[in-house]
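Asks: Mind having a look at this structure? Questions to follow.
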Amino acid sequence: MIANTFAYERAVSVDEALRLLKESGGDATVLAGGHSILPLMKIRLTTLEKLIDISRIPELKGIQQKGDRLEIGALTTHAEISKDPTVKETIPALAEAAASIGDIQVRNRGTVGGNIAHADPASDLPALAVAFDANIDIQSTEGTETFTAEDFFLGPLITAIPENSILKTVSFAIPPKEAKSTYVKYAHPATGYAVVGVAAAIGQMEDGMITYARVGITGVGDIAFRAEEVERTLIGNKPTEDLVQEAAKKATEGQEMGSDLFASEEYRHHLCQVYTKRALNKLLF
Ligand SMILES: Cc1cc2nc3c(=O)[nH]c(=O)nc-3n(C[C@H](O)[C@H](O)[C@H](O)COP(=O)(O)OP(=O)(O)OC[C@H]3O[C@@H](n4cnc5c(N)ncnc54)[C@H](O)[C@@H]3O)c2cc1C
């Protein structure tokens, strides 16, 4: 399929991109890796007037540990995140999730900013954003505004990004030193998107007592969510198979499951419990 005719401009800095967006009076859309927006244009699910290409803006790239947070520039690709030694050391779940995205072409072009800004309910990185208290920095000509993941994801493909703004960085809270983290998913066989994806982190005392637990789930509803009942069940207890079973059963508590041709509501509910259990078993035993 071929997209409709559209105008194209490339920005070399964030300031230039913001100026071009403003001058377009709301008719322009930002282009990063193009691996979500271009397929939509090609099948004409969306028709756009103008694309502002931000993919070569150096200030939007890079990974830095800043105190207890990991700050990632919007244009950092999934491949770069998956291979980065600091990501692997501080939040291995994030490296695993990035490595599980699509195929090598998608990972080489797709960006963290695009993935979060697109807010596809089946995307992997929103699970990490909710599990690890992501802060999302958005810049407009008025200044910079920071959103928590909770305030940012509003619905399927809907976010709090104001018009004519650019997502600059996503920063994730690094779990405590003693914590381990992982990402497991049941991938759609055709695309690799998450039918269910579970990001989990567990911290334990020397005697095994669980002191820290984070679980974020994507793919099953309109937006990714934190499975707080699972976390509450684990914290303050020593791990046993029964405890993991009891915690995993609570993975979907209070959540509405989606239903489509690929997976029914009931099946997604079941997958959530199975994949939460897998993630916890991987971290605890
Ligand atoms: C075959 C295939 C398989 C895939 N499999 C997976 C998968 O398994 N898991 C997964 O999570 N994803 C998957 N994806 C999606 C992939 O991760 C995309 O790259 C990503 O979702 C979007 O990033 P992008 O840089 O390509 O953004 P683009 O496509 O360039 O942009 C997407 C949207 O975000 C906006 N945007 C982008 N960057 C910014 C910014 N800095 N500020 C403001 N707005 C911005 C754009 O305007 C656009 O609306 C797959 C894609 C394909 C084509």
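Asks: So, in the range 30-63, how many residues would count as being farther than 22 Å from residue 1 by Cβ, of a type in the set (A, V, I, L, M, F, W, C), more than 8 Å from the ligand (Cβ to nearest atom) and assigned to a loop (DSSP other than H, G, I, E, B)?
Replies: Adding up the residues that qualify gives 1.
Asks: Which residue pairs have Cβ atoms under 8 Å apart, sit 6 or more places apart or on different chains, and have a first residue in the range 95-112 that is near the ligand (Cβ under 7 Å from one of its atoms) and a second that is of a type in the set (Val, Ile, Thr)?
Replies: 102/191; 109/77; 110/77; 110/101; 111/76; 111/77
Asks: Does any residue in the range 42-66 that is in contact (Cβ under 8 Å) with a residue 24 or more places away in the chain and at positive phi come within less than 8 Å, Cβ to Cβ, of a residue that is part of a loop (DSSP other than H, G, I, E, B) and more than 13 Å from the ligand (Cβ to nearest atom) six or more places away or on a different chain, and which pairs are these?
Replies: 44/1; 44/4
Asks: Quick check on my filter: what residues within the range 22-50 are within 23 Å of the chain's Cα centre (by Cα) and buried (at least 19 other Cβ atoms within 10 Å of the Cβ)?
Replies: Passing the criteria: 30, 31, 32, 33, 35, 36, 37, 41.
Asks: Filter the range 258-285 for residues that are among the hydrophobic types (A, V, I, L, M, F, W, C), modelled with pLDDT of 95 or more and surrounded by fewer than 19 Cβ atoms within 10 Å (Cβ to Cβ) and give the result.
Replies: 274, 285
A quick yes/no check of all residues on (1) among the charged types (D, E, K, R); (2) over 13 Å from the mean Cα position of the chain (by Cα); (3) under 18 Å from residue 272 (Cβ atoms):
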| residue | (1), (2), (3) |
| --- | --- |
| 148 | no, no, no |
| 155 | no, yes, no |
| 167 | no, yes, no |
| 207 | yes, yes, no |
| 225 | no, no, yes |
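Asks: Sticking with this one: Filtering the range 2-51 down to residues that are β-branched (Val, Ile, Thr) and either farther than 20 Å from residue 118 by Cα or in contact with a strand residue (DSSP E or B) (Cβ under 8 Å, 6 or more places away or on another chain) (or both), which residue is modelled with the lowest pLDDT?
Replies: Residue satisfying both the conditions and the ranking: 2.
Asks: Considering only the range 69-168, give the strands (runs of 3 or more DSSP E) lying wholly within it that have at least 1 residues that are crowded, with 23+ Cβ neighbours inside 10 Å.
Replies: The strands (runs of 3 or more DSSP E) meeting that bar are 69-73, 135-140, 153-155.
Asks: State which residue pairs qualify: first residue more than 14 Å from the ligand (Cβ to nearest atom) and inside the range 175-204, second residue among the acidic types (Asp, Glu) in any location, beta carbons under 7 Å apart, and separation of 6 or more residues or different chains.
Replies: Once the first residue is more than 14 Å from the ligand (Cβ to nearest atom) and sits in the range 175-204, its partners that are among the acidic types (Asp, Glu) give 182/96; 203/178; 204/178.
Asks: Out of all the residues in the range 156-213, which are acidic (Asp, Glu) and more than 27 Å from residue 73 (Cβ to Cβ)?
Replies: Passing the criteria: 178, 206, 207.
Asks: A follow-up question, please. Has the range 54-61 got any residue that is farther than 23 Å from residue 190 by Cα and basic (Lys, Arg)?
Replies: yes
Asks: List the residue pairs whose Cβ atoms are under 7 Å apart, where the first residue sits in the range 137-159 and is not assigned by TED's automatic domain parsing to the domain that holds residue 70, the second is exposed (fewer than 14 other Cβ atoms within 10 Å of the Cβ), and the two are 6 or more positions apart or on different chains.
Replies: none
The values are calculated or read from the model by the stated rules, or taken from the named source; none is laboratory data. Here the structure is a predicted model, which means the values were calculated and not measured. Glycine also receives a Cβ, built like all others from the backbone with ideal geometry; neighbour counts cover every protein chain displayed.
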